[in-house]
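The values are calculated or read from the model by the stated rules, or taken from the named source; none is laboratory data. Since the model is a prediction, treat every value here as computed from it, not as a measurement. As a convention, Cβ positions derive from the backbone with ideal geometry for all residues, glycine included, and neighbour counts pool all protein chains shown.
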Amino acid sequence: MAGAFERKIHETLADTRLQQAVYTATGRLKDSRLAVIAPHVLPDYQELRAHAHLLKRHTVDHLDHYLEKFQRNVESRGGQVVFCNDGAEVTDFVLALAKKRGARLIVKSKSMTTEEVDLNEHLEHHGLESVETDLGEYILQLAHERPYHIVAPALHKTRYDVAEILTRRLNAPHETKIEKQTAIARAVLRQKFLAADIGISGANFLVADSGAVVLVENEGNARLATTLPKIHIVVAGIEKVIPRAQDLAVFLKLLARSATGQLLSVYTSFLSGPRRAGEIDGPDEFYVLLLDNGRTKLLPDSAKRQSLYCIRCGACLNACPVYRKIGGHSFPWVYSGPIGAILTPQFMGVSREPSLPFASSLCGACAEVCPVKIDIPRVLVELRADVHQSEARQKRNRLEKLAFRLFRWLMQHPRAYEWAGRLAASLANSADGGWMRRVPVLLNVGPVRAWLSQRDLPPPPSRSFRQLWRQR
Amino acid sequence: MRRAFPRIWPNVWVRDDEGGRLDMSQRVALFVTCMVDQLFPKIGLAMVEVLERLGFRIDFPEAQTCCGQPAFNSGYPEEARAVARHFLDVFEASEAIVVPSGSCTAMIIHHFAELFEKDPTALARVKQLSERVWEFSQFLTVVAGAGDVGAHLEDVATFHDGCHALRELGIQSAARRLLRHVRGLELREMEPAGECCGFGGTFSVKFAELSGAMARTKIEAIVRTGANIVVSLDPSCLMQIQGVLSRAGLKIRGLHLAEVLASR
Amino acid sequence: MSPNAILDAVRAALGRSEKEPAPDPPPVRLRIPDVSLESRIASMTTSVEALAGRVLRAPTPQHAGRLVRERIANQNAVASNSPYLDECGIRGLPNVHSGITKPDELQKLCAAADVGITGVDYALADTGTLVVLSSPYEARMISLLPPAHLAVMACSRLLTGLDELFTLLPDPAVASSSMVFITGPSRTADIEQILVRGVHGPGEIVIILVG
């Protein structure tokens, strides 16, 4: 176990500045969330969560029905829906459209879905300019990094990092005041918005009954990207659909609270198709690309299917004691934290990073804060079993499997269990009345060594409870 | 995930009208857990001491071993099912089963049902049995209606919420109420409370460095309280916390709630 | 890019057949509290001010017009085509551009303006939110491009919150291609979680409640 994942964990744990930054930032987000879900502020918080879960479950269980409905309604409003299997199909669509319309410049608002398929890189590879316009995402695009956190993408960057990036990439004056850095980015991006041919956004929700796309943001970049260019392309995962506009009353109360501790984000846009007759502004063309990219693989198993309920609020990252230690870039794919630990193996296959589902103490903090009540620990445990199955096919990790077979046998045979326990204890206590440190053989057993690398182990008692009980 | 209180209890356990207390002469079966049996027998003895002090008669079904949680959490459901079946066999006849561990209790009353989702016969047995399984502090407060159990300990303590006790069993105030009734004991809350100690079973050895880092953050919170004792409902959390305290050369002791309540 | 391939895969995974209907979704959950107008105004004011926006009261439309004139003195403003702004005498003010119907022209004016003035369809008192639907009267970019946004509205448009809005507008797509909720000035906290206002949208928001 010393792959890239373990190495990055080790590096992050050793970086004291980063440790402090991630712990403080997630701690603040955690506290902000707690303040706005408190019973005196939102008395029906738990009811809303339960309802949101039911809505998501219903929609995902009948996903084909709602996707068709969504498609029909988008088309009736003059938009077009395109189903895409993967990132290549998304890129192809955008390239073909750009070519047909003579478009060169694309402004993008923050979207985890397009991060999944590295859309910017692919478009730029084909000669288009595709600019991220969310401040954090823009900084990361300039730095060629991927988001550190679902809602706070540049959480790991200091103002000094940002100053360096802006100077190096934009030839901007070296500026360490955050207000001024923001103004520099605003000025550059404003020119991009005014000149852009195409705006690409993600979607927080797709409303089936309305044929509408809902975007939630704080900066206004998503509004600009979907208002000024003549063409608006939405790239969204197929799981984003909800039945009715009225269900937003439930989801919107949960999303911003869980994500940033706001009652509502600054801007929520409800967009249904291109500009209509008589309306003054807005795009002339409106496309929704519905992306599979592995999502259908999550549907067959009714327990694991709930991974698709996620509304990308990031609350589980902030609550997770593992994420708060290892940060976002230790994770092997764009999604980090608890949700990343269940999405990545299912989207990419468990062998992409087989140890990922095991990197959790199963403390349940993620499930506790999830606004749509995804039982993340349960999915993790199921994925662990999937990893074992895939390992068994490759005849890997056989010693552990043997150990658990032995465990199973011992625990069904109380006498053997007792005898084995006493044997281990006497071995540990044997050498010179000392403890394991003096028994090199035992010390070298992998798990014992790993345990002792961090902490001490109590000497085993001379008698087990059952022996003491018998003596009573 | 949280159970509703009060739970339905077999008729023999109906509270009397006076003090809300139960017939204390009833028999209670101990499931001490494999960890207490093999590594921390004194926790088991302390639990026996407290329950007997309250007038309960104790059974210890000797065929008991483990609840299967290590296999379940590690992704070995087949192995976990076999061990869980053994547990069902051993405790089927017991009227009330008391467990000195929040996470083993949660395993039995929540995750057994997941294990036997596709086996209606076993699932019915699980439902019957899980109604009678109690984490130690819950048993004392909810079933026995106890507050003061006659304990006495002159010291300063802080309480560590085990993740499964807190989030799967909803235990927060029960253990604290019992601790506040201990004569001489000052209880100080750690800040933040409710964060994982980093144990997590095989996680503690598969990701030892990470697990250790989580534990060190935990003990920083413990140290800030100035307490000499950290109390928990879970032997596994205690093993982790005590192990890191000891490695750091700190003199703070880890004690199970039963050990505190057994002190006089 | 065949639409059927993905839908077929979804159906196969869910064990559903083509055109199989879905049962009714869980019921709509909308709860409208009973809140007096005075409380709604108080709540709107508190919420907007908590976000560093401002709420001004005007007893009459004419009074609102005067407030706007004072606020935009010596500045260059763009106003929407809202009849309510007419009623307040705002669209005819000398330094106000209004009546524009061409998007390119409007974009140029908004990009250069100091202030954008709009009416609103509704406001949500519990969160301090403005609700604006795109129409021949309200363009999207007036509340977006200029660095300051002035919104003028009658108190009667003040709803309790999201639940009441979605009761009145069960499907906003029927009325418009765009409905936007505006809750305070544009903001970011992307660098070191330090709050900065006006990153892309207006950094200043003033709401004039009339009546």
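The table for this structure:
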| quantity | calculated |
| --- | --- |
| The stretch A:333-365 - residue that is among the polar types (S, T, N, Q), closer than 19 Å to B:CYS196 by Cβ and surrounded by 22 or more Cβ atoms within 10 Å (Cβ to Cβ) and, of those, nearest to the other protein chains (Cβ to nearest Cβ) | A:SER361 |
| Breaking point among (1) under 30 Å from A:LYS30 (Cα atoms); (2) crowded, with 22+ Cβ neighbours inside 10 Å; (3) over 19 Å from the mean Cα position of the chain (by Cα), for A:THR176 | (2) |
| Only one of B:SER130, B:SER101, B:SER204, B:SER137 that is modelled with pLDDT under 95 and not hydrophobic (A, V, I, L, M, F, W, C) | B:SER130 |
| Within the stretch C:175-190, considering residues that are more than 17 Å from C:ILE207 (Cα to Cα) and at the interface with another protein chain (Cβ under 8 Å from one of its Cβ atoms), the one surrounded by the fewest Cβ atoms within 10 Å (Cβ to Cβ) | C:ALA189 |
| Test result for C:ALA64, in contact with a strand residue (DSSP E or B) (Cβ under 7 Å, 6 or more places away or on another chain) and in a helix (DSSP H, G or I) | yes |
| So A:LYS192, is it touching a residue at least 12 places away in the same chain (Cβ under 8 Å), out of contact with any helix residue (DSSP H, G or I) (no Cβ under 8 Å at 6 or more places or on another chain) and either surrounded by fewer than 24 Cβ atoms within 10 Å (Cβ to Cβ) or away from chain C (no Cβ under 13 Å) (or both) | yes |
| Some residue of the stretch C:154-167 being within 11 Å of another protein chain (Cβ to nearest Cβ), at pLDDT 95 or above, closer than 24 Å to C:THR101 by Cβ and surrounded by fewer than 24 Cβ atoms within 10 Å (Cβ to Cβ) | no |
| Selection from the stretch A:195-215 of residues that are at the interface with chain C (Cβ under 9 Å from one of its Cβ atoms) and buried (at least 24 other Cβ atoms within 10 Å of the Cβ) | A:VAL207, A:SER210, A:GLY211, A:ALA212 |
| Residues satisfying the stated conditions in the stretch A:108-127, i.e. in a loop (DSSP other than H, G, I, E, B) and either among the polar types (S, T, N, Q) or in contact with a Ser or Thr (Cβ under 7 Å, 6 or more places away or on another chain) (or both) | A:SER109, A:SER111 |
| Boolean, B:HIS86 is part of a helix (DSSP H, G or I), without any contact (Cβ under 8 Å) to a residue 24 or more places away in the chain and within 25 Å of B:VAL28 (Cβ to Cβ) | yes |
| Tabulated pairs, the stretch C:13-26, first within 7 Å of chain A (Cβ to nearest Cβ), second hydroxyl-bearing (Ser, Thr, Tyr), C-beta under 6 angstrom, 6+ apart or interchain | C:ALA13/A:THR296 |
| Residue among B:PHE203, B:PHE207 that alone is within 11 Å of chain A (Cβ to nearest Cβ) and surrounded by 24 or more Cβ atoms within 10 Å (Cβ to Cβ) | B:PHE207 |
| Filtered residues of the stretch C:93-122 (kept if surrounded by fewer than 19 Cβ atoms within 10 Å (Cβ to Cβ), on the phi < 0 side of the Ramachandran plot and within 12 Å of chain A (Cβ to nearest Cβ)) | C:THR101, C:LYS102, C:ASP104, C:GLU105, C:LYS108, C:ALA111, C:ALA112 |
| Test: residue in the stretch A:156-178 that is under 30 Å from A:ASP92 (Cβ atoms) and outside any loop (DSSP other than H, G, I, E, B) | yes |
| Count of the stretch C:38-57 residues which are in a helix (DSSP H, G or I), crowded, with 19+ Cβ neighbours inside 10 Å and within 14 Å of chain A (Cβ to nearest Cβ) | 4 |
| Cβ pairs under 7 Å, 6+ apart, first in the stretch A:138-159 and within 12 Å of chain C (Cβ to nearest Cβ) and within 18 Å of A:LYS180 (Cα to Cα), second basic (Lys, Arg) and assigned to a loop (DSSP other than H, G, I, E, B) | A:ILE139/A:LYS157; A:LEU140/A:ARG146 |
| Residue check, A:VAL151 buried (at least 18 other Cβ atoms within 10 Å of the Cβ), assigned by TED's automatic domain parsing to the domain that holds A:VAL117 and in a helix (DSSP H, G or I) | no |
| Search result, residues across the stretch A:309-332 that are buried (at least 22 other Cβ atoms within 10 Å of the Cβ) and in a loop (DSSP other than H, G, I, E, B) | A:CYS310, A:ILE311, A:CYS313, A:GLY314, A:CYS320, A:PRO321, A:VAL322, A:GLY327, A:GLY328, A:SER330, A:PHE331 |
| Restricting the stretch A:266-288 to residues that are surrounded by 22 or more Cβ atoms within 10 Å (Cβ to Cβ) and more than 7 Å from chain C (Cβ to nearest Cβ), the residue that is farthest from A:LYS69 (Cα to Cα) | A:PRO283 |
| Residue in the stretch A:296-308 that is more than 21 Å from A:ALA385 (Cβ to Cβ), buried (at least 20 other Cβ atoms within 10 Å of the Cβ) and not polar (S, T, N, Q) present | no |
| Sole exception among (1) within 14 Å of another protein chain (Cβ to nearest Cβ); (2) surrounded by 19 or more Cβ atoms within 10 Å (Cβ to Cβ); (3) touching a residue at least 60 places away in the same chain (Cβ under 8 Å) for C:LEU30, by number | (2) |
| Selected residue [of a type in the set (Gly, Ala, Ser), on the phi > 0 side of the Ramachandran plot and in contact with a strand residue (DSSP E or B) (Cβ under 7 Å, 6 or more places away or on another chain)] from C:ALA58, C:ALA52, C:ALA77 | C:ALA52 |
| Residue ranges of helices (runs of 4 or more DSSP H) in the stretch A:1-107 with at least 2 members in contact with a helix residue (DSSP H, G or I) (Cβ under 7 Å, 6 or more places away or on another chain), in contact (Cβ under 8 Å) with a residue 12 or more places away in the chain and within 11 Å of chain C (Cβ to nearest Cβ) | A:16-37, A:45-61, A:63-76 |
| Residue that is of a type in the set (A, V, I, L, M), touching a helix residue (DSSP H, G or I) at 6+ places or on another chain (Cβ under 8 Å), more than 26 Å from B:GLY198 (Cα to Cα) and not assigned by TED's automatic domain parsing to the domain that holds B:GLU195, where the choices are B:VAL90, B:VAL126 | B:VAL126 |
| Any hit, the stretch B:212-226, residues being closer than 15 Å to B:SER101 by Cα and facing chain A (nearest Cβ under 9 Å) | no |
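Residue-by-condition table, conditions (1) in a loop (DSSP other than H, G, I, E, B); (2) more than 14 Å from the chain's Cα centre (by Cα); (3) polar (S, T, N, Q):
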residue: A:VAL235; (1), (2), (3): no, yes, no
residue: A:LEU264; (1), (2), (3): yes, yes, no
residue: A:PHE270; (1), (2), (3): no, yes, no
residue: A:ASP281; (1), (2), (3): yes, yes, no
residue: A:ASN293; (1), (2), (3): yes, yes, yes
residue: A:VAL334; (1), (2), (3): yes, no, no
residue: A:GLY340; (1), (2), (3): no, no, no
